[in-house]
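Reviewing the structure listed below.
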Amino acid sequence: MKARLRSYAGLMLVPALSILLALLVASVLIIASGLVGTEKKVNLLLPLIAYRSLIVGAFGNFKGIANMVVAAAPLMLTGLAVGVGLKAGLFNIGATGQVLSGGLAAALIGMQVADAPVLIAIPVAMLGGMLAGALAGFIPGFLKAFTGAHEVVTTIMLNALIQLIVSGLVNDVFRAPGFSFARTAPVGSAELTGLGNTTLHLGVIFALVCIPLSYWLLWRTTVGFEIRAVGANPTAAFYAGMKPRRMMILTMSLCGAFAGLAGAIEVLRLGYYPAVFGTGIGFDGITVALLGQSNPIGIMLSALLLGAMRAGAPLMQIQARVPVEIIDVIQGIILIFLAAEIVVRKIFRLRTAGVGAGELQTITRTYGEKVVG
Amino acid sequence: MDVLLDIPVLGFILQFLVYLVQVIGSGHIAPIILGLATPIALGALCGVMNERSGVVNIGIEGMMLFSAYVAFMTALFVHQAFPAEPGALFGATPALIAGVVAGIAAGMLISLLHAWLSISVRADQIISGTIINITALGLTSYLNRLIKPFDSAGTFQSFRPPAGLVNLPGIGWLLEMFTAVGPIAMSVLVLVIITQVMLFRSRWGLRTRAVGEHPKAADTVGINVIALRYRNVLIGGVFAGLAGAYLTLEATGSFQNNMTAGRGFIALAAMIFGRWTPLGAFGGALLFMGSQAIGVAIRLAPPSGDLGTFLAGIQQAYPSIYNNFFTGLPYLLTIIVLAGVVGRSNAPAADGKPYEKESPT
């Protein structure tokens, strides 16, 4: 038990230090923002003000905490959509497109079951979202397995394509009459309404359940073992009698289903699908998965962290006049430090052995090569 | 011919092809295709530079985006400090030239980060590229919000070739394609040919390919693998920077968040389509973006007859789907081509594998 705890601590050390370093680097940018802002002077305390309002915005009261959890829930799912893929040696950066297709499917099914009882309408709409997301994940998985087209390029192209298809459909086919902007009809009883006067909703539970579920799947089932074996070495897995191609397709579909569920939650929370559904949860999933070292528990923690940043950012923008986009910058810097693990270890004179990042080395290996099996 | 055109579906496709040939030959569409293909071709050159020496670069997108921003803002600042009349050639001003130089420098700066992460730190190269994309998107959106530019330094102007040249029968459209464009688009063909010749006919090219295929063997004969990879990734950054500068200083004259919109990835696909050769990648870029130019062509010179009625009908009934179809064609074509080509092409053998010199024991 003690050894296990220590290994978890080792797993979290570099990500935690990366976050710390990123906040330090970002404070330089925040100070610079004061220089070009309305006040036009150097305020060395501005980073502290900004980070304080960020924390107050996310944890200051129950409403803030609810906002944080609601922001974190879809990030857990998109984090799993990327993280489970990484376990199989697949880099799914198509969560954005999978989120959109899952969202539209949930909205369209929600329209149909708008008058059904809530306990039927919500699961049915979510299931539809998962299936649509799985289909969007199946395509790059199939292409990778049978043609060798690398998922990094195909998923990015699909992100753009799905965005265009979905907005075309909402504008021209499913546009609900009587609204000044293009959107679908209301989903009625499938809508995820907030509990009490907070934004907390039922979808959070669905997201939280997926964390232990994926942990169980990856480490306690044969399928999970095969996913990890294919990720570690597809050729060896093939000669051990596994079917890497089938596993890749299955994993990508599963990843798509997670992202589709995230999209369904976001759309059902809104109650309809807007023509311009700008959401960063797909891309945030990449950060969440890498920061969480593609471990479900780590993914949950990173999603909560990023959710807190997203929930606290509006208050930061009001109080410290730092644009919310600083969160995207902080994410990027965290990831740079995370990738440059060696540098972080040097700065803090760490001697513990590196863990986690090793499995990421497998992604580039399959670049431009055909898959056996 | 007319009989053929009346066959139900096939005839329709034939009508469309005939229309395409006509419109490219006469409708001034060719320079538009080159313009659309320019950032893709330059991005693909960046990819060739990297991958021929064994470094996978997924971060072309982010390099382009960051360079586009830096080029735009530099040009704007210089423009505000030293306003100047557009020059006679390409409407060039000191501001625009400074912008291009700054864009190239920005591309090199980011590629230095990629080189360091993937060559020295030996991080996973695809992860490194993705991090560059995420950081570039975040940083440019942040800065763009912070310093909202309402002004612009303008753009380079297209060259106006003499009418006699453009109207030459047979090859007029080709001459127009490569001359009735701005300076960066015009330089693309030159850069492609230089890179092609250098890669396959020079000592540097031989060394680059050796390092990309078998770094250990190259090291044994005295080539500094690490230094060569660093240099090539940095040269790649020059191309990505030029592509970024093209987007803001030649194509649009403004900067929008995420304005690269996947071009870096289409460039990668063009490079794979061209089997890691500059000329082939250029062909891929023309093919991918040519599909988008069809939409422009139809708007500029609407086809007549059944085809025209059919297209107008669709545009009437489904305006968004109609527009998005043409916008999406390059992405669709990229996926199809990638799926069809990869199996029959071989990446450089050491592509994506960090090199570690073994200690003599």
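If only one of A:Ala229, A:Ala207, A:Ala237, A:Ala185 is in contact (Cβ under 8 Å) with a residue 12 or more places away in the chain, outside any helix (DSSP H, G or I), of a type in the set (A, V, I, L, M, F, W, C) and away from chain B (no Cβ under 14 Å), which one is it? Give the derivation first.
Numbers: A:Ala229 fails: outside any helix (DSSP H, G or I); A:Ala207 fails: outside any helix (DSSP H, G or I); A:Ala237 fails: outside any helix (DSSP H, G or I).
Criteria check complete, one pass: A:Ala185.
If B:Ala88 satisfies all but one of (1) away from chain A (no Cβ under 14 Å); (2) of a type in the set (A, V, I, L, M, F, W, C); (3) assigned to a helix (DSSP H, G or I), what's the number of the condition it fails?
(3)
Where residues in the stretch B:322-338 are facing chain A (nearest Cβ under 7 Å) and hydroxyl-bearing (Ser, Thr, Tyr), which of them is nearest to B:Gly284 (Cα to Cα)?
The initial filter retains those residues of the stretch B:322-338 that are facing chain A (nearest Cβ under 7 Å), namely B:324, B:327-328, B:331-332, B:334-335, B:338.
Still in the list and also hydroxyl-bearing (Ser, Thr, Tyr): B:327, B:331, B:334.
Values: B:Thr327: 17, B:Tyr331: 13, B:Thr334: 9 Å.
Among those residues, the one meeting the criterion is B:Thr334.
Step by step: first the residues of the stretch A:288-335, then only those that are within 10 Å of chain B (Cβ to nearest Cβ) and not in a helix (DSSP H, G or I), then the one that is modelled with the lowest pLDDT. Which residue is that?
Step one: of the stretch A:288-335, the residues within 10 Å of chain B (Cβ to nearest Cβ) are A:290, A:317, A:321-335.
Those left that are additionally not in a helix (DSSP H, G or I): A:321-325.
Numbers: A:Arg321: 85, A:Val322: 88, A:Pro323: 88, A:Val324: 89, A:Glu325: 90.
For the stretch A:288-335, the residue satisfying everything is A:Arg321.
Restricting attention to the stretch A:19-68, report how many residues are crowded, with 17+ Cβ neighbours inside 10 Å and in contact with a Ser or Thr (Cβ under 9 Å, 6 or more places away or on another chain).
So the count comes out to 6.
Cβ-Cβ below 9 Å, separation at least six or inter-chain, first residue in the stretch B:231-249 and in contact (Cβ under 8 Å) with a residue 40 or more places away in the chain and over 16 Å from B:Arg263 (Cβ atoms), second buried (at least 24 other Cβ atoms within 10 Å of the Cβ) and charged (D, E, K, R): which pairs?
Pairs found: B:Asn232/B:Arg52.
Kindly evaluate B:Ile147 against the criterion of being in contact (Cβ under 8 Å) with a residue 40 or more places away in the chain and buried (at least 23 other Cβ atoms within 10 Å of the Cβ). Steps first, answer last, please.
Details: in contact (Cβ under 8 Å) with a residue 40 or more places away in the chain: yes; buried (at least 23 other Cβ atoms within 10 Å of the Cβ): no.
The answer is no for B:Ile147.
In the stretch B:256-272, what count of residues is obtained for those that are surrounded by fewer than 24 Cβ atoms within 10 Å (Cβ to Cβ) and either closer than 15 Å to B:Gly62 by Cβ or within 13 Å of chain A (Cβ to nearest Cβ) (or both)?
5
Determine which single condition A:Met242 fails, assuming it passes every other condition in (1) hydrophobic (A, V, I, L, M, F, W, C); (2) in a helix (DSSP H, G or I); (3) more than 21 Å from A:Gly97 (Cβ to Cβ).
(2)
If you take the residues of the stretch B:8-39 that are in contact with a Gly (Cβ under 8 Å, 6 or more places away or on another chain) and of a type in the set (A, V, I, L, M), which of them is farthest from B:Asn144 (Cα to Cα)?
Among them, the one singled out is B:Ile33.
Matching residues to (1) within 14 Å of another protein chain (Cβ to nearest Cβ); (2) polar (S, T, N, Q); (3) in contact with a Phe, Trp or Tyr (Cβ under 7 Å, 6 or more places away or on another chain):
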site: A:Ala114; (1), (2), (3): no, no, no
site: A:Met126; (1), (2), (3): no, no, yes
site: A:Ile156; (1), (2), (3): yes, no, yes
site: A:Gly178; (1), (2), (3): no, no, no
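Every residue in the stretch A:48-92 that is within 14 Å of chain B (Cβ to nearest Cβ) and closer than 18 Å to A:Ile326 by Cα, please.
A:Ala50
Just one of the numbered conditions (1) crowded, with 18+ Cβ neighbours inside 10 Å; (2) closer than 19 Å to B:Asn50 by Cβ; (3) more than 11 Å from every other protein chain (Cβ to nearest Cβ) is not true of B:Ala293; which one?
Tallying (1) crowded, with 18+ Cβ neighbours inside 10 Å; (2) closer than 19 Å to B:Asn50 by Cβ; (3) more than 11 Å from every other protein chain (Cβ to nearest Cβ), B:Ala293 fails exactly one: (2).
If only one of B:Gly283, B:Gly313, B:Gly253, B:Gly305 is closer than 30 Å to B:Asn144 by Cβ, surrounded by fewer than 19 Cβ atoms within 10 Å (Cβ to Cβ) and away from chain A (no Cβ under 11 Å), which one is it?
B:Gly253
If only one of A:Thr352, A:Thr364 is assigned to a loop (DSSP other than H, G, I, E, B) and either more than 30 Å from B:Leu146 (Cα to Cα) or at pLDDT 75 or above (or both), which one is it?
Working: A:Thr364 fails: assigned to a loop (DSSP other than H, G, I, E, B).
The match here is A:Thr352.
Report yes if B:Ile134 is assigned to a helix (DSSP H, G or I), touching a residue at least 60 places away in the same chain (Cβ under 8 Å) and not small (Gly, Ala, Ser), otherwise no. Step through it out loud before you land on a result.
Working: assigned to a helix (DSSP H, G or I): yes; touching a residue at least 60 places away in the same chain (Cβ under 8 Å): yes; not small (Gly, Ala, Ser): yes.
When the stated conditions are applied, B:Ile134 passes them.
The values are calculated or read from the model by the stated rules, or taken from the named source; none is laboratory data. Predicted model only: the values in this text are computed from it and were never measured. When we count neighbours, we look across all protein chains shown, and the Cβ atoms used for this are built from the backbone with ideal geometry, even at glycine.
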